[in-house]
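I have placed the structure first, in the form of structure tokens, so that the comments after it can refer back to it.
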Amino acid sequence: MARWGLVIDLDRCTGCQACVVACKHENNVPFSTPETARGGRLMTWLQLVAADLPGRPTASALPLMCQQCDRPPCTDVCPTSATYLNPEGIVAQIYPRCIGCRYCTNACPYAVKVFNWTAPDWPDAMAPMRNPDVSLRPKGVVETCTFCHHRLIAARERARAAGREIAPDDYVPACVATCPAEAMVFGDLSDPHSEVAALAGSPRAFRWMEELGTQPKVIYLREGE
Amino acid sequence: MSDNLTRRDFLLYGGATIAGVTLGELGRRTLAAADARAAAWPSRGVETWATTVCRECAGGCGVRVRLMDGVPVKLEGNPLCPVARGKLCAKGQAAIESYYDPDRLVGPARRTARSGQPAWTRLTSTEAIALAAERLRQAIATPAGIVVLAADERGPLADAWTRFWRAANARLAWTPMPTAARLGPRLEVLTGAQGDPVFDLERATYVLSFGAPIVEDWLSGVWTQRSFGRFRRGSGHARGRLVQIDSRRSATARKADEWLAATVEQQVILAYGVASVLLRENRVDRAKLEPLAGNFDAFERQVTTYYTPDNVASATGVPVVTILRLARELASASRPLVAVNADAPAALADAVFTLDALVGAFDRPGGVFAKTGDPVLDRADAVEALRDVAAGRLRPKVLVFGDSSPLRALDAPADASAIAANCDFVISLSPYLDESAAIADFLLPVDVAIESWQAMLPATAVAADLVAVTRPAVPRRLETQDRAALLQSLGTAIGGSVEAACDWRSSEDVVGAELKRLARAARGTPYATTYETNWVRQLESGGWWASPADSEQEFVDRVLTVGGWIDPWFDPNQLTEALHAHGGLAFPIPESPPAVRDVAASPATSEEVALAADVVPAPVEPPRFPLKLFAFTPATVNPAGNLNQPALFELLGQPEGKPWRLWVELNPETAAQQDIANGAAVRITSAHASIDAVAVHVTGLPPETAALSFVPGGPTDGRWARLVGPDVRQLWGEDPASRPCAVRIARS
Amino acid sequence: MRRLVPPVLVALAVAGLWILALPAAPVDQPIAFNHARHAAVACAVCHRGAETAARAGIPQSNVCTRCHATAPDRSVSARAWSDVAAGRPIAWRQVTQVPEHVMFSHRRHTSLAQLACASCHGDAAARVTPFGAPATRIAMTTCLSCHTREGASEDCAACHR
């Protein structure tokens, strides 16, 4: 069984935010307005946060999405099992089960679970650009990054239809696919020959807030020498 | 009860029951039909992909459009495009929002009321063309009767645009785009090579950058980002070190291993200071320089005399030890590269290329090459033309906007209504409800990028000849027009030499002619993988050319399918050859020591100069506007295309957690004096205006300066663009020379 | 007038009960299509994508006119046929739908898992009238029982999107 993981090399990352836009469009995340943003209700599954990292003169821009923890605090508190750790290590969110109690948004130390305070809304002209592979989340449920799980399902189906095993390039999330600085590497951590597994063993590797014991599968590579 | 059940009641209730059943059945069927009709969120349809070219900047990155049942849903990079290699930046990703922009202009229209509520009358394209042609015909006879402004670009479609307006006797000007082409003239002054510089960032090991926005949108955004990633952590060399000398803590300064704050003027002094240390400490390869020396001796004498570390330190505030260290680091790196921003003033570009020459970066891997052969750009500046119009120095009968790019420059007039007042008639070809539409009398919206035939020369970044060519990826969504077809219809309506200049009927013809030219050139290949491209390079350098196609039609189809054509063969010795031909390097010779400027004490506005002259000695009271304000445009702002893209506004003010906001960067100590907390709302006041922003503390910013983000857009723009504001250009009024602007900042 | 109030209330109550108590009504399809007479043709010939894509198509006029040069028989009215012959879209109503939060792929179930169309859509070959309602009721338990039996993934996220 694969264990999907993502490595972000902060030394390569330029903070250009192409990943942020790619994620937004890929996953039908609704747009905000200045008012919603000021009220802290910006809908985004992935955004840059300023993080003070050791050895850096100024705060670094850290691309932060669901860390896909191996010990996710959010799933422990979910009363309906709407969010759970799937066998491949992806922290999934089943929207019809979600009752919107927001225990998970409070339990998540990374604050990457976002609550739909309003029904998703696109101007009529923009409705056709929504991705039919991803559902529209109704008002009152919590949503979060799934490593573009729909891409995995589609990739697996394509590979099986072609009569072969899924190859590493078949499945990459939208953020990784567009990263112009090639700072993001995605793959199977359980495969010792994968690039992610090699990079995860780098002396520069660290996990965000790893002292909390959440065991994320998003691994950052430190900036600097 | 049964006594009371009359025959009449029985019939009544029986009938009611039957009516109820009938009604219920009807309702049931209506509900079922409505249910079946209800537009359920569709299950996945048929996925197809189409190729196009990103037009959000001059980079010309290849794009693949993901279509579900023929409808575009997502943009991805084209892996075969040598500029982007399958990647896209934030602007490129967001470009699909331009196609779907709910506020896009739906078709040609004429303004029917200028003052008060704007009112528009829709026109058919025939009416519109007749009307516009009539206006243009009247203006042709007058010198500078027609002024035409558009973003600068290269390629056959841009050439057609130029040809058309030249024939119409128009005065053409272009908004300069921040590409390598702008640095070409400076490289030519030093080396004699006519062409664009190519910076080999990927293979450099040490980069000293003078304000180059390397991680933002330097020269060709996506290409630079990839090169930066490989420069930092590439295989085969140690981690690249980046030193950024910048007036503010830009995103590049944040990423750099070291950031030195210096204004553009100070950067020039610093560059010569580093050069002087290199020469004094004998850290240049004189044996290599000698054959190409030119006026090297005179340069060495003057620079080492005037730009002593002490002089430079007192002029820039950068400590002597730092200047010495920078020079030594630069000289000891295996492949050093000195980089500069495309819109740097001539003095800075000259100083930077001088340093590149001294460290032996010319024609060296990880250094600077020249790409000759591209059209030399000698083009009037559209922003200047616009200022002339606003000031009444230029009064065209017809002003034509190809897009809104000149109105987005920091130097553009803040009050756009003055522009309309000095023209008889303003025509906008922009497809969006943006700044040019706001002042136009007449809208002739053209197709957006993914609806268009394209043939453009991407901004120079890759050391190769490229043409990005594609057919429309999707049918047009609204009643917009193909730009070349629009010109041709106008030409036919105007007649004479203008009609004769149009040797095309539509963009398809122009693109087709370009493809035929490429096919006949018998070199290069349609966009291909890196491996195949390298193979073609090998063959071509050996004098072989293997045709990639059996017939011209097959070649044309392949180029259109993959999105462009590349000739990867590149002569890496063009600078050396030019230097031999032109008698060596022509260094700029400094004639005087750097002026020691005490920034804080210099009076900031002419008003205060007058004040200082009257009252001598200066009173103890602090100046009214103690801070120097630099404005900057964030990299996510679209220079020429659509502003109205909500996903991009959400990126503003990040990673500081201030999406959608204008922010002003302040030194923490300066902020503390005013009791301004990080993230506090502040009011910035100048002699002309005051605007609101949010404060961000930046350690290392000179205490007397502030840096303010600028996002164009106004109250009549699209629904999202009008929410970000206000226009910070009000702060310095109509005089761009008063930048950096003197301001005071206080909590609001 | 007041005497009419009780019977009207009765009528409304009956109508309400009728709608609530009975299953959803079948919808009328524009053409009285006879699946049984077309049983010799494989499903995927007309329902394109049923074996190769996520979504199975619903045939449009061009599919009909590939075989039929003239109106098939009395079951198709002259007016309906003129629309088909002219290539105008046929207003079929889709009766079998998965909820929007489910990611269903036909290819995965038909060509990859070798499931017969009939397991979800009923025995179309035996039908002489067009489908006005889903042939079988498919709930999550229906999916799961098969997934359990066949050892397919029972991970929620494998189907929920």
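The values are calculated or read from the model by the stated rules, or taken from the named source; none is laboratory data. Note that the coordinates shown come from a computational prediction; the quantities given were computed from them, not determined experimentally. Cβ sites come from the backbone with ideal geometry, for glycine too, and all protein chains shown count toward neighbours.
Miscellaneous remarks
- Unique residue being touching a Lys or Arg at 6+ places or on another chain (Cβ under 7 Å), crowded, with 19+ Cβ neighbours inside 10 Å, outside the structural domain of B:P703 (by TED's automatic domain parsing) and not acidic (D, E) when the list is B:A271, B:A262, B:A315: B:A315
- All of B:G725, B:G700 fail the test of being in contact (Cβ under 8 Å) with a residue 40 or more places away in the chain, farther than 19 Å from B:L651 by Cβ and within 14 Å of chain A (Cβ to nearest Cβ), apart from B:G700.
- Scanning region C:27-68 for residues that are within 14 Å of chain B (Cβ to nearest Cβ), farther than 20 Å from C:S111 by Cβ and under 14 Å from the mean Cα position of the chain (by Cα) returns C:V27, C:D28, C:Q29, C:P30.
- Within region B:212-229, tally of residues that are more than 8 Å from every other protein chain (Cβ to nearest Cβ) and without any contact (Cβ under 8 Å) to a residue 24 or more places away in the chain: 0
- Selection over region C:112-152 of residues that are at pLDDT 85 or above, polar (S, T, N, Q) and assigned to a loop (DSSP other than H, G, I, E, B) gives a count of 2.
- Which numbered condition B:T716 fails, given (1) crowded, with 17+ Cβ neighbours inside 10 Å; (2) outside any helix (DSSP H, G or I); (3) not charged (D, E, K, R): (1)
- Consider region C:137-160 and keep the residues that are touching a residue at least 12 places away in the same chain (Cβ under 8 Å), in contact with a strand residue (DSSP E or B) (Cβ under 9 Å, 6 or more places away or on another chain) and hydrophobic (A, V, I, L, M, F, W, C). The one that is nearest to C:D123 (Cα to Cα) is C:C143.
- Elements of type helices (runs of 4 or more DSSP H) in region B:258-306, at least 2 residues being closer than 18 Å to B:T576 by Cβ and touching a strand residue (DSSP E or B) at 6+ places or on another chain (Cβ under 6 Å): none
- Where a residue in region B:233-256 is touching a residue at least 24 places away in the same chain (Cβ under 8 Å) and more than 11 Å from every other protein chain (Cβ to nearest Cβ) and its partner, wherever it lies, is polar (S, T, N, Q) and not in a loop (DSSP other than H, G, I, E, B), with Cβ under 6 Å and at least six apart: B:Q244/B:S209; B:Q244/B:T252; B:I245/B:Q267
- Residue count for region C:60-87, restricted to those that are in a loop (DSSP other than H, G, I, E, B) and at pLDDT below 85: 11
- Residue in region C:21-28 that is assigned to a helix (DSSP H, G or I), exposed (fewer than 14 other Cβ atoms within 10 Å of the Cβ) and of a type in the set (G, A, S) present: yes
- Subset tally (residues that are more than 14 Å from chain A (Cβ to nearest Cβ), of a type outside the set (S, T, Y) and part of a strand (DSSP E or B)) for region B:653-697: 7
- Only helices (runs of 4 or more DSSP H) whose full extent lies in region A:147-225 are considered here, and the ones with at least 1 residues that are away from chain B (no Cβ under 14 Å), surrounded by fewer than 16 Cβ atoms within 10 Å (Cβ to Cβ) and of a type in the set (A, V, I, L, M) are A:149-161.
- Region A:16-43 - residue that is polar (S, T, N, Q), surrounded by 18 or more Cβ atoms within 10 Å (Cβ to Cβ) and at the interface with chain B (Cβ under 7 Å from one of its Cβ atoms) and, of those, farthest from A:R130 (Cα to Cα): A:Q17
- Some residue of region A:64-84 being of a type outside the set (D, E, K, R) and within 12 Å of chain B (Cβ to nearest Cβ): yes
- Residues satisfying the stated conditions in region A:65-110, i.e. crowded, with 19+ Cβ neighbours inside 10 Å, of a type in the set (A, V, I, L, M) and assigned to a strand (DSSP E or B): A:V91, A:A92
- Residue that is nearest to B:G86 (Cα to Cα) [pool: residues in region B:560-589 that are in a helix (DSSP H, G or I) and in contact with a Leu (Cβ under 6 Å, 6 or more places away or on another chain)]: B:V562
- Helices (runs of 4 or more DSSP H) lying entirely in region B:346-453 (those with 2 or more residues that are crowded, with 22+ Cβ neighbours inside 10 Å, outside the structural domain of B:P715 (by TED's automatic domain parsing) and more than 24 Å from the chain's Cα centre (by Cα)): B:346-358
- For region A:125-146, a residue qualifies if it is within 7 Å of chain B (Cβ to nearest Cβ) and part of a helix (DSSP H, G or I), and the qualifying residues are A:A125, A:M126, A:P128, A:M129.
- Put simply, of B:T191, B:T175, B:T179 the only residue that is closer than 30 Å to B:H580 by Cα, under 20 Å from the mean Cα position of the chain (by Cα) and of a type in the set (S, T, Y) is B:T179.
- Restricting region B:394-441 to residues that are within 25 Å of B:T633 (Cα to Cα) and of a type in the set (D, E), the residue that is modelled with the highest pLDDT: B:D403
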